[in-house]
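Let me begin by presenting the structure, written as structure tokens, before commenting on it.
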Amino acid sequence: MKFKTKHIITLLVSAGVFAASGSALANDSDELEKLRALVQELDQKVRVLDRKNELAEEAAATKKKETPIVNASEKGFGFKSADGAFEIKLKGLIQADYRYFNQGFGGTGINTTNTPAADGFLLRRIRPTIEGTVFDKYDFRFTPEFGENKTTSNSGIVDAYVDARFTPWFQIRAGKFKPYVGLERLQSGADIKFVERSYVTNALLPNRDVGASIHGDVLDGKLTYALGVFNGVADGGDATTSADSNQDKDYAARIFTTPFKDDANVLSGLGFGIATTYGDVKGTAASTNLTSGYKTDGQQNFFQYAGTTIADGKRLRFAPQAYYYYGPFGVIAEYARVSQEINTAANAGHKTVDHDAWQIAGSYLITGEDASFKGVKPKNAFDLDNGGWGAWELVARYSELNLDEDTFKNAANTAFATTYASRITSATSASSWTAGVNWYLNPEVKLALDYEQTSFEAGGGGTATNPIDRKDERAVLGRFQIAF
Amino acid sequence: MKKITTGLSILLTTLALNAGAAEVTLLNVSYDPTRELYQDYNAAFAKYWKAKTGDTVTVKQSHGGSGKQARAIVDGLEADVATLALAYDVDQLSEKGKLIPKDWQKRLQHNSSPYTSTIVFLVRKGNPKKIKDWDDIVKPGVAVITPNPKTSGGARWNYLAAWAYALKKSNNDEAKAKEFVTQLYKNAPVLDTGARGATTTFVERGIGDVLLAWENEAFLAKKELGPDKVEIVVPSLSIVAEPPVTVVDKVVDKHKTRAVSEAYLSYLYSEEGQTIAAQNYYRPTLESVAKKYDSQFPKINLVKIDEVFGGWQAAQKKHFNDGGIFDQIYGK
């Protein structure tokens with residue numbers, strides 16, 4: 001605009017000069033004055049237009065600062081106020097799986113049919129999520145479930161909680177959410193490296209519970225802590241949103257540290273910690289307050305308490321845990337032990353059983369991206385037109401679950417029996433090898449293919465004293481996932 | 001031994017003093033042309049407060065059109081003190097924000113206005129359009145620079161000064177006053193959001209023949225540009241502009257800064273505060289300082305808003321609220 005102004009003025013001044021020369025020749029000073037006035041008038045008009053443009057730009061810039069920001073990009077979908085104090089994020093997770101069983105025990109619950117479980121497609125997770133913030137410090141998340149878990153959780157609600165971030169070191173979360181206990185559980189379902197989590201997570205530690213937690217980061221975020229009180233759930237359990245069936249509450253605590261997170265060295269991706277839960281749980285014949293069963297990667301039950309066995313006293317879990325990420329390499333290791341007091345509804349005898357599980361899993365991004373506890377962002381998205389191939393990751397895991405031998409004995413622990421659980425139909429341990437490949441087409445879309453082989457002790461028939469080992473489960477698990 | 005004891009006493013005293021000293025930060029949300037005034041005043045107050053209490057006070061400044069600044073405070077800008085262009089804007093902190101009591105104006109002397117100002121004309125060197133009084137700026141072909149009364153306190157003072165002149169000239173004929181002010185705004189080619197923006201339009205962008213300006217702003221422009229660029233023209237009648245100040249009660253209680261904020265405003269009435277105001281071309285209210293700087297300020301026939309318009313609430317409602325007279329004349 002200023003360029004134009006200068007040219008207009010130059011032209012006009014030139015015109016004025018020529019005109020003035022003509023006028024001078026004609027001694028017509030009035031003409032010269034009129035032209036000068038005209039030039040000045042036009043000059044003012046141009047300046048006013050310039051200034052109005054300038055003010056309009058300033059007003060637009062100010063308005064922009066106050067205008068809510070709408071986001072629709074690879075970072076997600078949502079909108080927020082200009083100052084970021086109010087925000088809504090729309091998220092979603094769809095996992096379309098296929099399970100192929102080459103060998104194993106099939107059917108539902110504990111069964112003895114010597115045929116593999118049925119192959120087939122299933123929708124493992126279908127979770128739309130509304131997440132947001134009000135008044136800068138108060139977050140919320142609401143996630144219903146429309147996938148397979150809907151039938152197992154007795155509730156269509158996966159997460160529904162409010163989180164008040166008063167300070168980084170003092171935050172309160174209340175509602176239904178993942179208790180701060182298991183490391184792999186705290187990893188998002190969209191970010192897990194395998195199609196299914198390990199025994200530590202799926203079998204022994206709580207999945208989601210209803211309650212409240214105080215949590216926060218201290219020492220510049222190098223140490224996180226959490227203390228919580230919950231209704232309490234059985235091993236691997238997902239709480240319903242209804243009232244607690246057991247008056248006593250569960251208590252959970254966890255500390256986790258990443259002491260070198262701010263350093264640029266080989267240890268910067270190291271994190272480790274320990275978590276525990278404690279509760280006093282009484283079951284009844286109608287509501288045993290014990291696990292409905294431990295499952296393989298292929299989601300086949302291989303252990304189940306007898307129908308009359310109930311929780312009858314203290315339940316103590318502890319879970320040391322660690323991860324390490326360095327460049328494209330990552331490893332996660334976790335152990336869990338649960339000590340559970342049980343009985344039968346008819347009071348056959350009170351006893352304590354201790355089950356434990358552990359896992360170690362490694363991952364390697366062959367396309368060179370940095371591994372992390374959170375998702376993978378490919379260097380180049382898969383794009384046939386422009387030649388990108390996304391990110392490729394190799395993964396491998398060993399995971400084990402061992403059940404206390406006393407679980408399968410009589411009340412006095414003097415002989416094997418089926419009083420509390422049967423070795424005829426339930427395995428006493430399971431060991432799983434899993435290997436797989438993940439293909440991240442872009443940050444939101446992933447294809448995963450795992451092969452898992454699980455071997456068992458007992459649970460394949462026979463007698464309580466001489467059980468037969470259950471046949472190995474061999475399965476291929478495939479997943480096509482979108483998470484945004 | 002005595003030396004050691006004395007040394008220890010000094011050390012302990014110093015430590016005790018340092019342990020008690022605090023660092024305080026205040027936010028002064030003000031109108032457009034007070035930047036220079038508060039830069040000078042903040043430095044003086046910090047020195048005074050340090051000597052008095054040992055505390056270090058830092059005062060942050062925010063400037064903009066007065067109405068706009070008031071809205072920002074109501075919307076959550078955490079101002080410890082507000083030093084705005086007119087009482088109506090401060091009233092909004094009470095009425096809309098519930099941040100201060102309704103009788104805030106009674107808390108300090110002179111209706112909480114530690115200094116005053118008025119409206120004058122700034123014209124280009126040699127006064128090419130021969131502008132002497134209000135009648136000259138409504139003539140066809142005269143371009144008047146004034147900000148938007150919807151956002152600027154200074155602009156509302158400009159408007160009311162023109163209206164007061166027209167009323168007096170027409171023996172209180174409101175229709176003629178409206179016609180006069182309508183003509184004035186027909187001559188205004190651009191409306192900035194604040195007084196400083198209008199000064200930029202006139203001085204830096206070279207637009208217009210006359211700038212309706214705060215007296216202090218006109219003096220400052222003349223001082224910075226030199227008398228060979230602009231001249232001040234004093235009209236036959238103008239208005240007493242009383243920019244008020246207040247602590248923002250809810251904010252100072254939240255920040256625990258009430259004592260220092262109140263002292264900050266009280267010190268504006270002190271000899272030093274008044275001198276700084278006068279040096280920045282605001283008319284002091286303290287008689288001793290006013291006398292000292294008497295020659296600096298031209299003698300003008302000044303009217304008061306209460307006398308002509310019945311106070312700010314009435315003036316705002318009639319002239320500047322949505323659908324008011326300004327909307328009627330500027331929409332034409």
What does DSSP give for segment B:89-233 in terms of the percent of beta bridges that are antiparallel, rounded to the nearest 5?
80 percent
How large is the helix-only mean residue ellipticity at 222 nm for chain B, computed as the sum of -39500 (n - 2.57) over DSSP H runs with n ≥ 4, divided by its residue count, in deg cm²/dmol to the nearest 500?
-13500 deg cm²/dmol
Shielding by other protein chains, B:183-192, mean Cβ within 10 Å:
2
Residues of segment B:257-279 with the amide nitrogen closer than 13 Å to a label point 7 Å from the Cα of B:Gln61, along Cα-to-Cβ, please.
B:277
Between the modelled labels at A:Leu227 and A:Ala286 (7 Å from Cα along Cα→Cβ) the distance in nm is 3.6 nm
Put a dot 7 Å past each Cα toward the Cβ at B:Arg35 and A:Glu148; how far apart are the dots in nm?
6.6 nm
Förster radius 60 Å - calculated FRET efficiency between A:Thr463 and A:Ile130 (Cβ-Cβ, nearest 0.05):
0.65
Could you put A:Asp83, A:Asp450, A:Asp50, B:Asp89 in order, starting from the residue whose Cβ has the fewest other Cβ atoms within 10 Å?
A:Asp83, A:Asp50, A:Asp450, B:Asp89
Determine the gain in length on full extension of the stretch A:Ala435-A:Ala412; use 0.36 nm per residue of separation and subtract their C-alpha separation, reporting nm with one decimal.
4.1 nm
Using the eigenvalues of the Cα gyration tensor, what equivalent ellipsoid semi-axes result for segment A:325-477 when each is taken as the square root of five times the eigenvalue, whole Å, largest first?
44, 16, 11
What does a probe at A:Ile255 reach in segment A:261-284, counting residues whose amide N is under 12 Å from the point 7 Å along Cα→Cβ?
A:273-275
Highest first, please rank the peptides A:385-391, A:425-431, B:315-321 by the mean number of other Cβ atoms sitting within 10 Å of their residues.
A:425-431, B:315-321, A:385-391
Estimated inter-spin distance, A:Phe329 and B:Lys256, nm [label 7 Å along Cα→Cβ]:
5.1 nm
Fewest-first sequence of B:Ile119, B:Ile207, A:Ile126 by Cβ atoms within 10 Å of each Cβ:
A:Ile126, B:Ile207, B:Ile119
If I fit a long axis through the Cα atoms of helix A:29-66 and take the longest principal axis of the Cα atoms of chain A, what angle between them do I get, 0 to 90°, rounded to 10?
10 degrees
If you line up the long axis of helix A:2-25 against the longest principal axis of chain A, both from Cα atoms, how many degrees apart are they, to the nearest 10?
0 degrees
Considering only the protein assembly as shown, percent of DSSP beta bridges that pair antiparallel, nearest 5
90 percent
Using just the C-alpha positions of the protein assembly as shown as equal point scatterers, what log10 of I(q)/I(0) does the Debye formula give at each q in 0.06, 0.08, 0.09 1/Å?
-0.65, -0.85, -0.93
Please give the average number of partner chain Cβ atoms lying within 10 Å of the Cβ of each residue in B:200-209, rounded to a whole number.
3
Give the average, rounded to an integer, of partner chain Cβ atoms located within 10 angstrom of each Cβ in A:37-47.
2
Estimated dipole of chain A in Debye, rounded to 20 [Cβ of Lys and Arg +1, of Asp and Glu -1, Cα centre]:
440 debye
What relative contact order, as a whole-number percentage, does chain B give when Cα pairs under 8 Å and 6 or more residues apart are counted?
22 percent
Starting from 0.36 nm per residue, how many nanometres of slack lie between A:Glu66 and A:Asp354 once their C-alpha separation is accounted for?
97.8 nm
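Using 19 Å as the Cα-Cα cut-off, could you pick out the over-long pairs in B:Lys68/B:Lys106; B:Lys132/B:Lys222; A:Lys89/A:Lys446; A:Lys91/A:Lys377; A:Lys89/A:Lys222; B:Lys129/B:Lys229? Please report the intermediate quantities before stating the final value.
Values: B:Lys68/B:Lys106 24 Å; B:Lys132/B:Lys222 17 Å; A:Lys89/A:Lys446 21 Å; A:Lys91/A:Lys377 17 Å; A:Lys89/A:Lys222 27 Å; B:Lys129/B:Lys229 15 Å.
Among B:Lys68/B:Lys106; B:Lys132/B:Lys222; A:Lys89/A:Lys446; A:Lys91/A:Lys377; A:Lys89/A:Lys222; B:Lys129/B:Lys229, the Cα-Cα distance tops 19 Å for B:Lys68/B:Lys106; A:Lys89/A:Lys446; A:Lys89/A:Lys222.
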Between B:Gln313 and A:Ser81, the FRET efficiency computed from the C-beta separation at R0 = 30 Å comes out, to the nearest 0.05, as 0.40
If I stretch the segment between B:Lys47 and B:Ser270 completely, what's the gain in nm (0.36 nm per residue apart, minus their alpha carbon distance), one decimal?
78.9 nm
Let me have the relative contact order for segment A:361-455, percent, based on Cα pairs under 8 Å that are six or more residues apart.
28 percent
Fewest-first sequence of A:Asp312, A:Asp28 by Cβ atoms within 10 Å of each Cβ
A:Asp28, A:Asp312
Using only the Cα atoms of chain A, what do you get for the radius of gyration and for Dmax, in Å?
33.0, 134
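Computed from the coordinates by the stated procedures, all read-outs in this text should not be read as laboratory data. Note that this is a predicted model, so its numbers are computed, not measured. Every residue, glycine among them, receives a Cβ derived from its backbone with ideal geometry; neighbour counts consider all protein chains shown.
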